[in-house]
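The structure under discussion appears below in the form of structure tokens.
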Amino acid sequence: MLYIFFSIICNIIVSILFKLAKRYKVDVTQAVVWNYSIAAILTWFIYKPDISNIMPEQLPLTIYIILGVLLPVLFVIIAASIRHTGIVRTDVAQRLSLLIPVFAAFLIFNEALSAMKLLGIAVGFAAIMCSIPWHAGRDGTGGPSGWIYLLLVFIGMGLIDTLFKQLTQFGIPFSTSLLFIYSLAFILSLSGIIILSFSKKISFSWKHLLPGLLLGLANFGNIVFYLKAHQAIADKPSLVFSTMNIGVIAAGSLTGLWLFNEKLSTLNKIGIFLALTSIVIIFNS
């Protein structure tokens with residue numbers, strides 16, 4: 001369970017860094033670029049994936065490219081969601097994105113969809129509706145447009161989870177896939193930054209390198225500890241899934257409410273409770 005704890009901590013650190021970005025004038029887009037550089041380097045040195053015997057035709061390049069684009073784009077969207085709706089609501093949207101892979105498992109992978117899972121999905125969608133910031137809070141977060149960010153986070157995270165699940169069908173080691181995806185995410189996002197810089201739409205600065213590296217360390221740590229938790233408790237994957245998701249929502253709520261004084265309505269608090277309930281139902285069904 002210690003690995004799950006460290007994974008949750010890393011997840012919350014990512015949210016805190018995004019929350020503080022505006023205060024310290026950090027360009028999130030540029031920070032995200034360097035985040036994937038350190039993630040690719042750490043994947044290479046820690047997991048040492050063997051790519052010498054892999055032929056290009058073996059690789060699911062289409063999925064790699066989609067993830068290479070989607071990961072940095074979604075990271076920027078998550079940062080915007082945290083800035084506009086707060087850590088609490090954004091974490092709920094991220095965790096409830098598991099509803100999309102559940103649907104995908106039923107529609108694409110032909111897994112059974114039990115009555116309990118349907119109940120969990122229904123409760124999850126109710127949680128999403130309750131978590132939307134229908135009115136702007138006194139802390140400046142929320143407002144009528146806030147649901148757009150939460151919806152994009154929900155759909156984006158769900159799509160990424162589904163694509164990662166599809167990767168398991170190709171027999172490529174997960175560490176190898178991560179190396180290719182992180183490298184692609186870095187190359188593509190760096191190319192985008194260079195184009196934007198030459199077109200004078202952003203001002204490139206090396207000062208965003210350090211925040212990006214810190215972001216990459218936390219992001220990579222989240223994944224490493226999560227995978228180690230699955231290895232340590234290999235016979236109880238549902239325990240790892242549910243504990244991780246519930247832990248992130250609980251820790252995110254405490255961080256948002258206590259550290260950043262985010263304001264939640266009674267409906268939002270009901271949404272948090274329903275989100276936790278949905279996760280418990282789905283992973284115990």
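What the table shows:
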item: Proxy reagent accessibility, fewest Cβ within 10 Å first, across Asp91, Asp235; result: Asp235, Asp91
item: DSSP-assigned coil residues among chymotrypsin sites (Phe, Trp or Tyr not before Pro) in segment 58-109, each with at most 13 further Cβ atoms within 10 Å; result: Phe109
item: MRE, 222 nm, helices only [DSSP H, n ≥ 4, -39500 (n - 2.57), over the chain, to nearest 500]; result: -25000 deg cm²/dmol
item: Cα-based radius of gyration of the chain once divided by 2.2 N^0.38 Å, which approximates compact folds; result: 0.99
item: Cα gyration tensor, segment 21-124 - rounded (a/c under 1.5), prolate or oblate; result: oblate
item: Likely footprinting exposure, Ser253, Ser199, fewest C-beta neighbours within 10 Å first; result: Ser199, Ser253
item: Net +/- balance of residues flanking Phe154 in space, Cβ distance below 13 Å, scoring K and R +1, D and E -1; result: 0
item: Exposure proxy order (Cβ contacts within 10 Å, fewest to most) of Arg23, Arg89; result: Arg23, Arg89
item: Axial C-alpha extent at least 18 Å, average Kyte-Doolittle at least -1.0 - helices from the chain (DSSP); result: 2-21, 28-47, 61-85, 115-131, 146-167, 174-198, 209-232, 237-254, 266-283
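Since every read-out is calculated from the coordinates, none of them should be taken as a lab result. Model, not experiment: these values are computed from the prediction. Note that we place each Cβ from the backbone using ideal geometry, even for glycine, and neighbour counts take in every protein chain shown.
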